[in-house]
Amino acid sequence: MNDKSKIYWNPYFGGVMLGLLLLVTFYITGRGLGASGAAKSTVVATISKVAPEHAQESTYYSKFISDDAHPLNQWLVFEVIGILAGALLSGALSNRLKFKVEHSPKISPGRRLAFAAFGGIAFGIGSQFGRGCTSGAALSGMASLSLGGFIAMLSIFGSAYVFAYFFRKNWI
Amino acid sequence: MGPLIPLGIIDASWNNVFAILIGIAFGFILESSGFSSSRKLAGVFYGYDFTVLKVFFSAAITAAIGLYYFYYLGWIDINMIYVNPTYLGSAIVGGIIMGLGFIMGGYCPGTSYCGAAIGKIDAIVFSFAMMAGIFVFSEFYPFFEDFYNSGFLGNITVYDTLGISVSLFMIILIAIALAAFYATSLIQKKVKKVDY
């Protein structure tokens, strides 16, 4: 099973590279990395296009709408375009580009996709309460030694460990 | 002296160019570390693959040590580094919901983009479902606006909260990381291998 597509970087090497990138990001921009913010910007942009009045009246969307910039003109949106390109490049170099549903042999692809959808919805909701996800709140927050970063890390991973028992059949 | 863009050393018009370049590096590192695979990510919760813990912890420590070395060397104004605000209740509840999303979906937002980029259909579904979740939150926001804004503790650091010096906190954090790396290596040997 040791084909090229299964060979990943040593995790400590990957971690140090990610840490150095995070350091460079702080040094240049004063802030860390993120991910869920771009999804939020996409939702805000969509709603303000489809239902502009509703978006203006909403207490949440309106926080992220301004007159001088399009809702998609956000640092994190450009960063995520980069993420997609960078991941595609890495996958191409390692022979990992393939359309497929990745799932445990014990469950059907349909079940995997259903749980991916439930998980995505939950993560979307949670990332708004948490004001950021694993990248923006937990990882970048821990790097800047913010209290919020450590709370995010402990509550995300702590809760996933607690819930892991109930979803074990999907994975092992 | 950094940070370069907030201090005006590099013009703000470069911000989005750096965003794309930094994003490319971010996506490349995550994908190369195996973060485009939900079964690899989920391994950390079942003990068959601790890649997530190793990458996450070593990255956070590398960046934190680097930031404070830059500060000691006078290369960076640490007061201009963004410390995200803490809203205690909302942060904990958000984290718990995200943890549930993580174990059901097998991804977090950043890793789902990486999976989607290399063709994982489950990751594409997760990414779009995440937007649906954000839409649901936004529509129901008036119901939990008070909770969302409660428990505001300010933009505080963890060492100030604990009342210890930053260097002592850093030593404790590194010790915890090393202990976790060692302990998980022992656990992984005992857990039945999962082929994926």
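The values are calculated or read from the model by the stated rules, or taken from the named source; none is laboratory data. What you are looking at is a predicted structure, and each value in this text was computed from that prediction instead of being measured. Because the Cβ atoms are built from the backbone with ideal geometry, glycine has one as well, and the counts that use them run over all protein chains shown. Quick note on the areas: whole protein, heavy atoms, side chains included, nothing else; ligands and nucleic acids left out. Shrake-Rupley method; radii C 1.70, N 1.55, O 1.52, S 1.80 Å.
Identify all residues within region B:65-90 that are assigned to a helix (DSSP H, G or I), within 25 Å of A:F163 (Cβ to Cβ) and either without any contact (Cβ under 8 Å) to a residue 24 or more places away in the chain or open to solvent by less than 10 Å² (accessible area, probe 1.4 Å) (or both); write none if there are none. The one that is assigned to a helix (DSSP H, G or I), within 25 Å of A:F163 (Cβ to Cβ) and either without any contact (Cβ under 8 Å) to a residue 24 or more places away in the chain or open to solvent by less than 10 Å² (accessible area, probe 1.4 Å) (or both): B:S90. Within region B:23-52, the set of residues being assigned to a helix (DSSP H, G or I) and charged (D, E, K, R) comprises B:E31, B:R39, B:K40. Which residues, taken from region A:70-114, are within 30 Å of B:E139 (Cβ to Cβ), over 17 Å from the mean Cα position of the chain (by Cα), open to solvent by 20 Å² or more (accessible area, probe 1.4 Å) and at the interface with another protein chain (Cβ under 7 Å from one of its Cβ atoms)? Result: A:V101, A:L113.
Which one of B:F140, B:F152, B:F144 is touching a strand residue (DSSP E or B) at 6+ places or on another chain (Cβ under 9 Å), open to solvent by 40 Å² or more (accessible area, probe 1.4 Å) and within 19 Å of A:T59 (Cβ to Cβ)? After applying the criteria, what remains is B:F152.
Anything in region B:33-47 that is within 7 Å of another protein chain (Cβ to nearest Cβ), open to solvent by 10 Å² or more (accessible area, probe 1.4 Å) and of a type outside the set (K, R)? List them, or say none. Quick ask: steps written out before the conclusion?
Taking region B:33-47 and keeping what is within 7 Å of another protein chain (Cβ to nearest Cβ), we get B:33-34, B:36-39, B:42, B:45-46.
Imposing the further condition that a residue be open to solvent by 10 Å² or more (accessible area, probe 1.4 Å) reduces the set to B:39, B:45-46.
Within region B:33-47, B:F45, B:Y46 qualify.
Name every residue in region B:48-64 that is polar (S, T, N, Q) and open to solvent by less than 20 Å² (accessible area, probe 1.4 Å), in order of residue number. Result: B:T51, B:S58.
Determine which member of the set B:G94, B:G101, B:G2 is at the interface with chain A (Cβ under 7 Å from one of its Cβ atoms), over 27 Å from A:L88 (Cβ atoms) and within 20 Å of the chain's Cα centre (by Cα). Break it down stepwise before answering.
Working: B:G101 fails: over 27 Å from A:L88 (Cβ atoms); B:G2 fails: within 20 Å of the chain's Cα centre (by Cα).
After ruling out the rest, the residue left standing is B:G94.
Can A:H54 be described as more than 8 Å from chain B (Cβ to nearest Cβ) and either of a type in the set (K, R) or outside any loop (DSSP other than H, G, I, E, B) (or both)? Let's see the steps before the verdict.
Details: more than 8 Å from chain B (Cβ to nearest Cβ): yes; either of a type in the set (K, R) or outside any loop (DSSP other than H, G, I, E, B) (or both): yes.
Criteria met by A:H54.
The single condition from (1) farther than 30 Å from A:R96 by Cα; (2) open to solvent by less than 10 Å² (accessible area, probe 1.4 Å) that B:P109 fails is (1).
Please determine whether any residue of region A:10-25 is outside any helix (DSSP H, G or I), surrounded by fewer than 18 Cβ atoms within 10 Å (Cβ to Cβ), at pLDDT 95 or above and not charged (D, E, K, R). Among the residues of region A:10-25, at least one is outside any helix (DSSP H, G or I), surrounded by fewer than 18 Cβ atoms within 10 Å (Cβ to Cβ), at pLDDT 95 or above and not charged (D, E, K, R), which makes the answer yes.
With the structure loaded, tell me whether A:A137 is within 19 Å of B:V83 (Cβ to Cβ), assigned to a helix (DSSP H, G or I), within 20 Å of the chain's Cα centre (by Cα) and of a type in the set (A, V, I, L, M) or whether it fails that test. Judged against the criteria, A:A137 is a match.
Out of A:Y161, A:Y165, report the one residue that is within 7 Å of chain B (Cβ to nearest Cβ) and on the phi < 0 side of the Ramachandran plot.
Just a single option satisfies the conditions, and that option is A:Y161.
Of all residues in region A:68-127, those being touching an Asp or Glu at 6+ places or on another chain (Cβ under 8 Å), closer than 21 Å to B:F128 by Cβ and not in a helix (DSSP H, G or I) number 3.
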